[in-house]
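Participant: Take this structure first; my questions come after.
Each reported figure results from applying straightforward, stated rules to the coordinates on display, with no laboratory input. All values reported here derive from a predicted model rather than from experimental measurement. For neighbour counting, all protein chains shown are included, and Cβ atoms are generated from backbone atoms with ideal geometry for every residue, glycine included.
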Amino acid sequence: MVFHVLTLFPEMIEGCMQTSITGRAIEKGLLTLDVRNIRDYTLDKHGKVDDYTYGGGAGMLMQAQPVYDAWNSIPGKGIRTIYLTPQGRTFDQKMAADFASEEELIFLCGHYEGIDERVLEETVTDYVSIGDYVLTGGELPAMVMMDTISRLLPGVLHNDDSADTESFQNGLLEYPQYSRPEEWHGKKVPAILLSGDHKKVDEWRLEQSEKRTQERRPDLYEAYMEQKRLYEEQHPPKRRKK
């Protein structure tokens, strides 16, 4: 997977992505990080990339020319280009899996009051938000998305099964987990986890995931139960022959 990032603050992206799990993935060649400073592509002799908006209003707007030239400098055509904006579809695990199927992605990070609409119309394929709030730029959302997508790529996680059992992967929040010691502050690890009975452990974990989702994210639980109901309708239990 190649992540191309167009930004005014490349040091933010590089500093974050080159550490921890994503940093090791880059070292192993599982990920390639290509960060391009939009300011390097401006034609303004002072390095200016923004200007006042037509029609008035507060703040400055990133100009079309440097953004377009930075985007156009990336070799290859047809690469999905993601613009990080509160006006986009809300990012979730399903969307992450969709993006993880691509070989390359371009992340366009806006700043100030945003980017000239004309260049967005020519370059952007996906408008994505990480939540209903406003940040100072697109760098943090881009890093959130790249981290999430990276975890779904083969070989990035030390244990590839981890991505399949984490929160949201099956529509449920993850079950509670425990490590040594067996007792801490008077609280013991649930006995079922020490039993060695993997079938019962799996049943307990599913039960806990359902319970936790119902308590903490009733919206997710409702959707999960509806999917479960539809599945059971389509796959009724077979009757035993007498």
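Participant: What is the set of long-range amide H partners of Met60 at a cut-off below 5 Å, with H atoms built 1.01 Å from backbone N?
Facilitator: Result for Met60 returns Glu113.
Participant: I'd like the FRET efficiency for Leu43 and Tyr133, computed as 1/(1 + (r/R0)^6) with the beta carbon distance as r and R0 of 45 Å, rounded to 0.05.
Facilitator: Taking R0 as 45 Å, the efficiency between Leu43 and Tyr133 is 0.85.
Participant: Counting only residues 5 or more places away or on other chains, whose amide H sits under 5 Å from the amide H of Arg80 once H atoms are built in the peptide plane?
Facilitator: Those lying under 5 Å, H to H, from Arg80 are Ile106.
Participant: Still on this structure: Run down the aspartates and glutamates and flag those whose C-alpha is under 20 Å from the C-alpha of Lys77, throwing out any fewer than 8 positions away in its chain.
Facilitator: Result set, ordered by chain and number: Asp34, Asp69, Asp98, Glu102, Glu103, Glu104, Glu121, Glu122, Asp126.
Participant: Quick one: the Cα spread of the chain along its three principal axes, in angstroms, biggest first?
Facilitator: 82, 41, 37
Participant: If each residue of separation counts as 0.36 nm, what is the full-extension length gain between Lys211 and Trp184 once their alpha-carbon separation is subtracted?
Facilitator: Using 0.36 nm per residue and subtracting the Cα-Cα distance, I get 7.4 nm.
Participant: What would the Debye equation give as log₁₀ I(q)/I(0) for region 167-234 at q = 0.22, 0.28 Å⁻¹, counting only Cα atoms as equal point scatterers?
Facilitator: Relative scattering, expressed as log10 I(q)/I(0), comes to -0.97, -1.17.
Participant: To the nearest µm²/s, what D does Stokes-Einstein give for region 1-58 at 37 °C and 0.692 mPa s, using the Kirkwood radius over alpha carbon pairs as Rh?
Facilitator: Result for D is 243 µm²/s.
Participant: Which lysines, if any, have their Cα less than 21 Å from the Cα of Lys211, not counting same-chain residues under 8 positions apart?
Facilitator: Straight-line reach from Lys211, under 21 Å: Lys187, Lys188, Lys199, Lys200, Lys228.
Participant: Here is a further query. Quick check: pseudo-label points 7 Å beyond the Cα along Cα→Cβ at Leu230 and Glu203, how many nm apart are they?
Facilitator: Between Leu230 and Glu203, the simple spin-label model gives 2.8 nm.
Participant: Could you list which residues have their amide H under 5 Å from that of Gly110, counting only those 5 or more apart in sequence or on another chain, with H placed in the peptide plane?
Facilitator: Leu84, Gly138
Participant: Residue by residue through region 30-38, which ³J(HN,Hα) values in whole Hz follow from phi under the Karplus form 6.51 cos²θ - 1.76 cosθ + 1.60 (θ = phi - 60°), with glycine and proline marked x?
Facilitator: 7, 10, 10, 10, 10, 9, 10, 7, 4
Participant: Pull up the DSSP beta bridges for the chain and report the antiparallel fraction as a percent, rounded to 5.
Facilitator: 20
Participant: While we're looking at this one, here's another question. Report Rg (one decimal) and Dmax (nearest whole number) for region 72-143, counting Cα atoms only, units Å.
Facilitator: In Å, with Rg to one decimal and Dmax whole: 12.1, 33.
Participant: Determine the distance separating the Cα centre of region 86-148 from the Cα centre of region 1-26; give it in Å without decimals.
Facilitator: Centre-to-centre distance over Cα atoms comes out at 15 Å.
Participant: On a full-extension model of 0.36 nm per residue, what is the gain between Lys238 and Ala191, subtracting their alpha-carbon distance, rounded to one decimal in nm?
Facilitator: 13.5 nm
Participant: Hey, another quick one. When every alpha-carbon pair in region 1-125 is counted, what percent end up more than 23 Å apart?
Facilitator: For region 1-125, the fraction of Cα-Cα distances above 23 Å is 35 percent.
Participant: Okay, helix-only estimate at 222 nm for the chain: each DSSP H run of n ≥ 4 adds -39500 (n - 2.57), divide by all residues, round to 500 deg cm²/dmol; what do you get?
Facilitator: My calculation for the chain gives -11000 deg cm²/dmol from helical runs alone.
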